[in-house]
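Taking it in order: structure first as structure tokens, then the write-up.
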Amino acid sequence: MVDVVSRGAVAPVGAVQAPELDTEALDRAVADVAANVSRWAATDARQRARLLDAVLVDTLGAADAWLADACEAKGFDVGSPESGEELFSGVGTFVRMARLLRDSLDDIAATGRPAYPGPVTEAPDGRLVVGVFPSSLYDRVVYPGTTAEIWMQPGVERAALEAGQAEAYVDPGAHQGVALVLGAGNVASLGPRDVLSELFVEGKVVVLKANPVNDYLVPHWGRAMRALVDAGVLRIVAGGAAAGAYLTRHPQVDEIHITGSDKTYNAIVFGTGDEGERRRAAGQRLLDKPVTAELGNVSPVIVVPGEWSRADLLYQAENVATMLANNAGFNCLSIRVLVTHEGWPQRQAFLGALEAALAAIPTRRAYYPGAVQREQAFLADHPDAELLGSPGEGELPWTLVRDVAPGRVDDICFNVEAFCSLFSETALAAPDAASFLDEAVRFCNEVVWGTLSATVLVHPRSLRAQPVADSLERAVADLRYGGIGVNVWHALVFAISSTTWGAYPGHPDTDIQSGAGVVGNAAMFSGTQKSVVRGPFRSRPKPAWFATNTNTYPVMRQLLDFEAKPRPSALAKLLAASLKG
């Protein structure tokens, strides 16, 4: 093991910088954790919880340097609103997940299973729906009016619900092994969160390989997760595609989790080039290991027509603009298709407000490789796209492709994840709001590529009409997405962590789309299908994650401290910061 120097920060022992195909370093990393497989399986829940206590403390200690390097890489200053966004998504969501898993481990030690708030209800078709949020008074205060539920797969019965929790702790020996986590290159918390899922939910020891796009984070991850490195159950390596390919084939690696694209998944499972495509078409796997994955999405946002005030239009315009602007559009959960009603009298007013909101948001550095080429591919098919903002060198405009014909089912906007600062809008014809929502669900399920996440925006006044209310509940039940937001960005499904995050289950290897398996899932349920977060149509004060909120950084500093250790004094500081915005 060697120390790593990156942007002036020295990595703790355990973080391994692997030059391209330095197989000796990679072998050593795998061997280090493989030697502790049995010991980890024998480590009880209370001992594991204490490791997460240390992770929480060490992450707070690493947060400033971690944030500074991320801001430098993405082109903004610490203290800016954008840096608050980075602090939340890049560090804060990892801290929240670590704390919730710590609490679940303490529950297992005390009662044998993680606690969850409930209630447990049944959908009309018999699927169990489990309330998982809010679970405390703190949740109710910090996220007012917000609830979350996990929907179980058909056939999961009440008697099996709790029996299926925390399976890795019921029979640790059956769940032991070495997991390889191939980290994402966009959001700083993704790799570490995947590590937590593999270690504490699945029961595996882990080698985490950073993506070359953000391997500058390796020293900070090593410092934040020092307790796991010191325990011998985690090693962190860097390297390119060849290093990843070597590790996937390593004989001591038992399973793999990847956050990335379906193309990467196919290359790992079936191989590359024409031969890889031939094998995929024939269903002949090249790699005979379990592979779970979160692979992105053409994320739709459905806007249910209604009578909106000007304030409603402006608020939701900022909400939708945030879904693109966050992380410069380099998110698997960024909005990609806005689905509107062709006959909505306020459609053009809303689109105008949305364009104005985007034009007012400073453009961002297009730091993710290939962004320019992806933008050009879309513009080649849609040269009339609206280009918004004033991009500087190395930046891209916010781009909206309006009025894509829904009948063009092969259009690039419906079939390719842009993964840059671009999204499209399509308008569906329907006789009324309830019928529109039914048609939008069909369109998203059958035309739009991917099954990761989707959002429905519907005014509470519209829900007073029983047909619309009934249609909304049908939509929540029928949308084939792993994460659904109702009046809130589906990103909250990812952030809350008591929910599951991953594709809608059921994709075959040969058509993996948004992936297989879930992370998050702090209550450690088995047999999950999707998670749904519902929130207010408008919140006051403006949510701190809105790209138009100039007070994001101070709020997120306080939120990070609060999430690490919820307590009255930290809550008071968080509320005081929020009210200044």
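For Ala427, the amide hydrogen comes within under 5 Å of the amide hydrogens of Thr340, Val404, counting only partners 5 or more places away or on other chains and with H modelled in the peptide plane. Phi angles of segment 385-394 translate, via the Karplus equation with coefficients 6.51, -1.76, 1.60 and θ = phi - 60°, into HN-Hα couplings of 4, 7, 9, 10, x, 10, x, x, 4, x Hz per residue; Gly and Pro are given as x.
Can you order the peptides 220-232, 51-63, 164-176 by their average number of other Cβ atoms within 10 Å per residue, highest first? Working shown, then result.
Working: 220-232: 24.1, 51-63: 19.5, 164-176: 16.9.
My ranking of the peptides, most packed first, is 220-232, 51-63, 164-176.
Straight-line reach from Lys209: taking Cα to Cα under 21 Å and skipping same-chain neighbours fewer than 8 places apart, the lysines in range are Lys74, Lys263, Lys289.
Using a cut-off of 11 Å between beta-carbons, work out the net charge of the residues near Phe525 (Lys and Arg +1, Asp and Glu -1, Phe525 not included).
Working: positive: Arg113; negative: Glu162, Glu167.
Spelling it out: positives minus negatives among the neighbours equals -1.
Within the shell of other residues whose beta carbon sits under 14 angstrom from the beta carbon of Ala503, the net charge comes to -3, with Lys and Arg scored +1 and Asp and Glu -1. Rounded to the nearest 0.05, the FRET efficiency derived from the C-beta distance between Asp230 and Ser38 at R0 = 25 Å is 0.90. For the pair Asp381 and Asp432, a Förster radius of 41 Å applied to the C-beta separation gives a FRET efficiency near 0.80, rounded to the nearest 0.05. Where the alpha-carbon atoms of segment 19-87 are placed on the principal axes, they occupy 46, 38, 15 Å, in descending order. With θ taken as phi - 60° and the Karplus curve 6.51 cos²θ - 1.76 cosθ + 1.60 applied, the whole-hertz 3J(HN,Hα) list for segment 131-144 is x, 10, 7, x, 10, 7, 4, 4, 4, 5, 7, 6, 10, x Hz, x standing for glycine and proline.
Taking each residue as 0.36 nm, the span from Gln153 to Asp64 lengthens on full extension beyond its C-alpha to C-alpha distance by 27.9 nm. Partner lysines whose Cα lies under 25 Å from the Cα of Lys573, excluding those fewer than 8 positions away in the same chain, are identified as Lys542, Lys565. Each other residue within a Cβ distance under 9 Å of Gln176 adds +1 if Lys or Arg and -1 if Asp or Glu, for a net charge of 0. Computed on the chain, with alpha-carbon pairs under 8 angstrom and 6+ residues apart, the relative contact order is 19 percent. Note on Ala356/Ser569: beta-carbon distance plugged into 1/(1 + (r/R0)^6) with R0 of 35 Å gives a FRET efficiency of 0.30.
Placing +1 at every Lys and Arg Cβ and -1 at every Asp and Glu Cβ, with all other atoms neutral, what dipole size does segment 259-323 have around its Cα centre, in debye to the nearest 20? Don't skip to the answer; put the middle values down first.
Numbers: 7 positive and 9 negative charges, 66 e Å.
Using Cβ point charges on Lys, Arg, Asp and Glu, segment 259-323 gives about 320 debye.
The phi-based Karplus calculation (6.51 cos²θ - 1.76 cosθ + 1.60; θ = phi - 60°) puts the 3J(HN,Hα) values of segment 191-196 at x, x, 5, 5, 4, 4 Hz, whole numbers, x for Gly and Pro. Relative contact order, whole percent, for segment 510-581 stands at 27, derived from Cα pairs under 8 Å and 6 or more residues apart.
A crude spin-label estimate for the pair Asp53 and Arg28, with each label 7 Å from Cα along the Cβ direction, gives 3.3 nm.
Once the convex hull of all Cα atoms in the chain is built, its volume per residue stands at 143 Å³.
Using Cβ counts within 10 Å as a stand-in for footprinting exposure, how do Arg567, Arg99, Arg193 rank, fewest first? Mind dumping the intermediate values first?
On the way: Arg567 11, Arg99 20, Arg193 26.
In order of increasing Cβ crowding within 10 Å: Arg567, Arg99, Arg193.
Our summary gives segment 299-498 a relative contact order of 26 percent, counting only alpha carbon pairs under 8 angstrom and 6 or more residues apart.
The numbers here are math on the coordinates, done by the rules we state, and not lab data. If you're wondering where the values come from, they're calculated on a predicted model, not measured in any experiment. Positions of Cβ are generated from backbone atoms using ideal geometry, with glycine treated the same way; all protein chains shown enter the neighbour counts.
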